[in-house]
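Down below is the structure, laid out as structure tokens.
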Amino acid sequence: MPPKNEPEKTIETKKPADSLFSRLKTGLSKTRAVLNTDINELFVAAKEIDENLFEELEELLVTSDLGMDITMEMMDRIRKKSKRLKTADELKHVLKEELMALFPDTPALPSKPVPAPPQVIMIVGVNGTGKTTTLGKLAMRYTRQGKKVLIAAADTFRAAAIEQVEVWADRSGAAVVRHKEGADPAAVAYDAVEAAIARGVDIVLVDTAGRLHTQKNLMEELKKIKRSINKKLITAPHEVLMVLDATTGQNAISQAKIFHEAVGITQIALTKLDGTAKGGIVAAIASTMGLPISYIGVGEGIDDLQAFDPQNFINALFD
């Protein structure tokens, strides 16, 4: 809830370039098919703003993966605001404002300034979330911007993980630092940063394990990687980007809390929003974690990893 005497966030009607917004709406088609139909039925012009409407809205928000606690707090505010409203359409606008207010004010992009290159971004997340694919698409984004990119293949435990990184490096024109399978991930990360400094690299993307095939604890391994990076470059890593699978719902929040406690997440990328994900989870993660969502994945293509804009996201769900 916004502090007193501060203006509430509002939903503007402007939209990005048609192709980008269309791609976003298309990617969210499965979510929209559920949420948008229910919302439109709920806010028909003839409906009265009464307790029955509130109960229906409450149920819809909970089932959209917004979560019980956030829904209850939001509904309290909506009920208070409803006293000055006349139509269900006005209530729909209030709902959009309340959803917008769940996203932190801190902009996700661009990242905070780096004293001197390279900028080191550590990518974390459990296996199966699309972590390495997201890293590859980010490499493509950066090389398209004319930046020199190096990828550290520090997920040395998963079969074929190094090969997957090399495929993405080849596609994007990025360099790779790799060791043999089963090597010390922290050593790979250290060598990658060292190489990046020597070669005048702009961006270092560090791939990490999402599960270990040994008795080692994953969080301790990630902490070790982070320490190793920092040992070589005192200001790094500059970002710790966690990749979450939106289709896992509230479980994604549990994952984020564990990783955040261990390595201090600074940004989030949400993948698989073109699947069976429910739209409320995006706002729930942003609100619960208090962290910016930098990217969302709405398809398999390179351009389907989009820089996240909460206003455009909400408009795409509702319009």
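Values in this text are rule-based calculations from the coordinates and carry no lab data. Note that the structure is a prediction, hence the values are computed from the model and not measured. FYI the Cβ positions are ideal-geometry reconstructions off the backbone, even for glycines, and counts take in every protein chain you see.
Close amide-amide hydrogen proximity is noted between Ala154 and Asp207, each under 5 Å apart and 5 or more residues distant or on a separate chain (H modeled in the peptide plane; Pro and chain starts excluded). Once the Cα atoms are used to define both axes, helix 68-81 deviates from the longest principal axis of the chain by about 40 degrees.
Amide H contacts for Asp274 (H built 1.01 Å from N in the peptide plane; partners 5 or more residues away or on another chain; cut-off under 5 Å): Gly299. Among Arg84, Arg211, Arg23, the largest mean-square fluctuation in a Gaussian network model of the chain, built with springs joining Cα atoms closer than 10 Å, belongs to Arg84. Put a dot 7 Å past the Cα of Asn230, heading toward its Cβ, do the same for Glu55, and the two dots end up 5.3 nm apart. With contacts taken as Cα pairs under 8 Å and at least 6 residues apart, the stretch 207-262 reaches a relative contact order of 30 percent. Summary value for the chain: 25 percent relative contact order, contacts being C-alpha pairs under 8 angstrom separated by 6+ residues. Across the stretch 281-292, rounded Karplus estimates of 3J(HN,Hα) from the backbone phi angles (6.51 cos²θ - 1.76 cosθ + 1.60, θ = phi - 60°) give 5, 5, 5, 5, 5, 4, 6, 5, 7, x, 10, x Hz, Gly and Pro being marked x. For the chain, modelled as a GNM whose springs connect Cα atoms under 10 angstrom apart, the maximal fluctuation among Leu138, Leu150, Leu85 occurs at Leu85. Applied to the stretch 224-230, the Karplus parametrisation 6.51 cos²θ - 1.76 cosθ + 1.60 on θ = phi - 60° returns per-residue 3J(HN,Hα) values of 5, 4, 4, 5, 5, 4, 5 Hz, with x for Gly and Pro.
For the stretch 232-249, putting each phi into the Karplus relation 6.51 cos²θ - 1.76 cosθ + 1.60 with θ = phi - 60° gives couplings of 7, 9, 4, 8, 9, x, 7, 9, 10, 9, 9, 9, 10, 8, 5, 6, 7, x Hz, in residue order, rounded to whole numbers and with x for Gly and Pro.
DSSP beta bridges fully contained in the chain are about 10 percent antiparallel.
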